[in-house]
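Please read the structure below before turning to the comments.
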Amino acid sequence: MAGHSKWHNIKHRKAAVDKKRGKIWTKCAKAIIVAAKTGGPDPASNLSLRYAIDEARYANMPRDTIERAIKKGAGELGGDNYEPVRYEGYGPGGVAIIVDALTDNRTRTVGDLRLAFGKYGGNLGNSGCVGYMFEAKGQIIVSTIQHDESDRKAKPIPRGELSEKIMEAAINAGADDIEEPETGEEESQWTILTPVPAFQPVKEALEAAKIKIAEAQIAMVPTMRTQVRGEDAKRLLALIDAVEDLDDVQKVWANFDLDESEVAALGG
């Protein structure tokens with residue numbers, strides 16, 4: 001699991017570049033539009049919309065852009081008609097992959113995915129071919145670099161003190177697993193997993209404890225993992241990056257694991 005956590009750090013550096021290109025905001029806007037269209041424009045009664053709005057806020061999406069996406073979903077403004085589609089398949093080394101997309105053209109989306117999978121040694125499968133290897137969980141990411149909000153010039157909160165606050169808040173609110181940050185790294189993160197019903201209570205408990213959340217989502221978490229090495233690892237990560245860069249793709253979930261030597265070789 002440690003290697004997989006370290007790869008999350010590598011992905012965070014890539015995500016920072018994606019944010020500059022506006023890709024993440026575009027994906028967040030699509031999610032908000034679909035959630036508002038499906039369940040209505042009020043996040044108080046539409047949990048999917050609340051989650052989509054929160055994810056957009058964690059990505060620092062402007063408030064007016066969020067509001068505009070809600071209005072598009074509610075039909076108050078014109079916009080494209082997106083629908084959610086899930087694809088499943090295999091990557092190099094037999095790694096199971098789930099792709100969640102929002103699309104206005106299924107033919108285009110599946111064509112783009114087949115090209116990406118084929119280029120890097122994977123293949124799309126039938127619906128349900130790998131889904132049984134995953135379960136839905138709340139996933140909350142908390143950075144190890146946190147400041148006292150009352151004094152932004154102060155040094156970051158000591159990691160030990162922060163860990164105690166996170167453990168107390170998250171476990172008492174219903175979290176069932178907390179993955180500790182990598183030791184020896186200046187900036188890493190805690191990964192908190194929750195049952196889906198406890199996702200919102202755990203988020204609210206962390207926020208009440210003045211803990212800043214970096215990411216929060218309902219994730220497809222692997223129940224079994226596949227170790228990948230060497231060329232398979234390189235091709236798999238290239239495949240995941242290529243799929244994530246597709247405009248129609250929202251999320252990519254995979255059940256791979258990397259050992260420390262592989263992570264180091266890949267720039268972790």
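Laboratory data are not the source of any read-out in this text; all were calculated from the coordinates shown. Here the structure is a predicted model, which is why all the values come from computation and not from measurement. Here the Cβ is made from the backbone with ideal geometry for all residues, glycine too, and neighbour counts use every protein chain on show.
A few points about this structure:
- Cα gyration tensor, the range 173-235 - rounded (a/c under 1.5), prolate or oblate: oblate
- Within the shell defined by Cβ-Cβ distances under 14 Å, the residues around residue 173 carry a net charge of -3, with Lys and Arg each +1 and Asp and Glu each -1.
- Debye equation applied to the C-alpha atoms of the range 74-163, log10 I(q)/I(0) at 0.22 Å⁻¹: -1.07
- Note on residue 177 and residue 26: the model spin-label points, each 7 Å out from Cα along the C-beta direction, lie 3.3 nm apart.
- Extension gain, residue 114-residue 161: 0.36 nm per intervening residue step, less the Cα-Cα distance, totals 12.2 nm.
- Other residues within the sphere of radius under 10 Å centred on the Cβ of residue 198, judged by their own Cβ, net out at +1 (K and R +1, D and E -1).
- Pairs exceeding a 24 Å alpha-carbon distance, out of 72/212; 137/203; 23/251; 137/165; 23/119: 72/212.
- The chain: relative contact order as a whole-number percent, Cα under 8 Å and 6+ apart: 25
- The mean of 1/r over all pairs of different alpha-carbon atoms in the chain, once inverted, gives a Kirkwood hydrodynamic radius of 19.6 Å.
- Charge sum, other residues only, whose C-beta stays under 15 Å from residue 131's C-beta, Lys/Arg counted +1 and Asp/Glu -1: 0
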